[in-house]
Amino acid sequence: SSLRVSDRVLENARYRVTLNDGGDIAGIFDKSLKKQLLTAPARLEFRQEVPREWPAWNMDWQDRANAPMGYVDGPARIRIVEDGPVRVALEVQRTARGSDFVQTIQLAAGGERVEIVNRIAWQTTNASLKAAFPLTVSNSKATYNWGLGKIQRGNNDPKKYEVPSHQWFDLTDENGKAGVSILSGHKYG
């Protein structure tokens, strides 16, 4: 099997995933494309939320345009939780801003995806949590799933920065040679 795991690296035939000491995913290297998919570590960001109206569910563009108010940054406890012939996995435990985070990063033998499972005991007030993936692919439009079809929309737009999507969205490079899809098992966008 091509599966390998150490305290900071998971690897299968398609991907090599590396973690930094803070527990963030520092790199995802796609072996088939011979391409690094991240420009910087994928991090969980705390975003300040001060919407002008409907604070229970609304998000304002000005809050999206501001820098994160912080990160889930540890200290991290990283341990190998699976090292078998079918799957390998690392577990990262951290506490930040009063909330507890357990993130499991998994690769399967012959797998075509990196799986990230988050278990969060959320106690942080006046904030939201964003999973930020700084990608090497770039496109002004992303493709979003609507369940019965798909739609392309702009991203990082002051008028349409929060768009509906169910179960997946995709950002494929403008040249069409590489892309990243984010999948979610949740039924709401």
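The values are calculated or read from the model by the stated rules, or taken from the named source; none is laboratory data. The structure presented is a predicted model; accordingly, all values stated were derived computationally and were not measured. Every residue, glycine among them, receives a Cβ derived from its backbone with ideal geometry; neighbour counts consider all protein chains shown. Please note that ligands, DNA and RNA were not included when accessible areas were found on the heavy atoms of the full protein model with its side chains. Shrake-Rupley method; radii C 1.70, N 1.55, O 1.52, S 1.80 Å.
Couple of notes before you dig in:
- Segment residue 6-residue 113, length gained on full extension (0.36 nm per residue, minus Cα span): 36.7 nm
- Under the convention that each Lys and Arg Cβ holds +1 and each Asp and Glu Cβ holds -1, the size of the dipole of region 1-147 around its Cα centre is about 380 debye.
- Using the Cβ-Cβ distance between residue 40 and residue 148 with R0 = 41 Å, the FRET efficiency computed as 1/(1 + (r/R0)^6) comes to roughly 0.70.
- Residue-normalised accessible area of region 139-189, expressed per residue, 1.4 Å probe, Å²: 75 Å²
- Separation in nanometres of the label points that stand 7 Å from Cα toward Cβ, at residue 120 and residue 49: 0.9 nm
- The gain in end-to-end length when the residue 64 to residue 138 segment is fully stretched comes to 24.7 nm, 0.36 nm per residue minus the alpha carbon separation.
- Taking all protein chains as shown and a probe of 1.4 angstrom, residue 174 keeps an accessible surface of around 130 Å².
- Per residue, region 1-131 exposes 55 Å² of solvent-accessible protein surface, assessed with a 1.4 angstrom probe and all protein chains in place.
- Spin-label model distance (nm) - residue 32 vs residue 77, 7 Å beyond Cα toward Cβ: 3.7 nm
- Sum of -39500 (n - 2.57) over DSSP H runs of 4+, divided by residues of the chain (222 nm, nearest 500): -500 deg cm²/dmol
- Surface composition of the chain: carbon and sulfur atoms hold 50% of the protein heavy-atom accessible area at a 1.4 Å probe.
- Shape of region 136-189, Cα gyration tensor, a/c cut at 1.5: oblate
- Whether the chain is rounded, prolate or oblate, judged on the alpha carbon gyration tensor where a/c under 1.5 counts as rounded: oblate
- In region 1-70, taking the dipole from charged Cβ atoms about the Cα centre, the farthest positive-side position among 69, 50, 10 is held by 10.
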